[in-house]
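Just below is one structure, and these are the notes that go with it.
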Amino acid sequence: AKSGSGSMAFNGPTEIGLYQVFSGFSAGDVTFGSGTAIEPSPEWWQTNTTPGTTDMLAAVNSAARSIRPEVDANSRAGGIVRFSAERYTVKGKIIGFPGVVFKGQGHYFLGSGTRKVTWIDHQPTVTGTDCFEFGLSAWDTYGRAANCGVTDMYISGTANSRWLIAYPNGFIRPVIE
């Protein structure tokens, strides 16, 4: 738990389960350096208490910033932000950085035939807000995605927001699978 100012950096082997371990940290306060082969989960910053109702936006953006702490367009830092097969509500923009891939669990069948998917339910507080935003720094000089994107997720929301992925004008879209 953070009490006051400061940050935390991991630069060696790290193992964390699927539960909240960071409290009171802002996006960018916790970082995982090159010595860690880790795929952070939003649940490390916030418990998804009521899936589909709890706003997980800050936790998702904190996970993305933890593996992409710098915003230098020439750097290729990054990794995977791993989502479990849950429903996540976000009430704003999820920010994608160069090298960051938001990866869900796709779907699988439980014994009863029930499907479990990673579901991003975008409920923006401002109409017309994009669900995912990849800035210019997420692109190389040829307009190709710098190993960033969204994969294995179902995205829902309002008619104006559910398919909106912001990207710079004149550039190709990031990888959406």
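The values are calculated or read from the model by the stated rules, or taken from the named source; none is laboratory data. Small disclaimer: the values here were computed from a predicted structure and weren't measured. Every residue, glycine among them, receives a Cβ derived from its backbone with ideal geometry; neighbour counts consider all protein chains shown. SASA here: full protein model, heavy atoms, side chains in, ligands and nucleic acids out. Shrake-Rupley method; radii C 1.70, N 1.55, O 1.52, S 1.80 Å.
Looking at ILE80 and the list (1) open to solvent by less than 50 Å² (accessible area, probe 1.4 Å); (2) in contact with an Asp or Glu (Cβ under 6 Å, 6 or more places away or on another chain); (3) at pLDDT 90 or above, which single condition is not satisfied?
Going through (1) open to solvent by less than 50 Å² (accessible area, probe 1.4 Å); (2) in contact with an Asp or Glu (Cβ under 6 Å, 6 or more places away or on another chain); (3) at pLDDT 90 or above one by one, ILE80 breaks only (3).
Tell me, which residue of the range 110-123 that is closer than 16 Å to GLU86 by Cβ and at pLDDT below 75 is most open to solvent (accessible area, probe 1.4 Å)? Explain how you work it out, then say what you get.
Applying the first criterion (closer than 16 Å to GLU86 by Cβ) to the range 110-123 yields 110, 114-123.
Subsequent filtering for residues that are at pLDDT below 75 retains 110, 114-116.
Values: LEU110: 72, THR114: 66, ARG115: 149, LYS116: 67 Å².
Within the range 110-123, the match that is most open to solvent (accessible area, probe 1.4 Å) is ARG115.
List pairs: first residue in the range 43-68 and under 17 Å from GLY157 (Cα atoms), second residue hydroxyl-bearing (Ser, Thr, Tyr) and surrounded by fewer than 17 Cβ atoms within 10 Å (Cβ to Cβ) anywhere in the structure, Cβ distance under 9 angstrom, at least six positions apart or on different chains.
Here the result reads THR54/THR47, each pair linking the range 43-68 to a residue that is hydroxyl-bearing (Ser, Thr, Tyr) and surrounded by fewer than 17 Cβ atoms within 10 Å (Cβ to Cβ).
Just one of (1) at pLDDT below 75; (2) farther than 24 Å from SER66 by Cβ trips up VAL126, so point out which.
(1)
Any idea how many residues of the range 15-59 are of a type in the set (A, V, I, L, M, F, W, C), at pLDDT below 90 and within 18 Å of VAL90 (Cα to Cα)? Even if it seems obvious, please write down each step before you answer.
Of the residues in the range 15-59, the ones of a type in the set (A, V, I, L, M, F, W, C) are 16, 18, 21-22, 25, 27, 30, 32, 37-38, 44-45, 56-59.
Okay, now just the ones that are also at pLDDT below 90, so 16, 18, 27, 32, 37-38.
Checking the rest, the ones that are also within 18 Å of VAL90 (Cα to Cα) come to 27.
Adding up the residues that qualify gives 1.
From the residues in the range 85-96 that are open to solvent by 20 Å² or more (accessible area, probe 1.4 Å) and in a loop (DSSP other than H, G, I, E, B), which one is modelled with the highest pLDDT?
LYS91
Output the number of residues of the range 9-61 satisfying the condition of being under 20 Å from TRP119 (Cα atoms), in a loop (DSSP other than H, G, I, E, B) and open to solvent by less than 30 Å² (accessible area, probe 1.4 Å). Show your work before the answer.
Step one: of the range 9-61, the residues under 20 Å from TRP119 (Cα atoms) are 18-20, 39-61.
Now restrict to residues that are in a loop (DSSP other than H, G, I, E, B): 18-20, 39-41, 45-54, 56.
Among the residues that remain, those that are also open to solvent by less than 30 Å² (accessible area, probe 1.4 Å) are: 40-41, 45, 48, 52, 54, 56.
Summing the residues that are under 20 Å from TRP119 (Cα atoms), in a loop (DSSP other than H, G, I, E, B) and open to solvent by less than 30 Å² (accessible area, probe 1.4 Å) in the range 9-61 gives 7.
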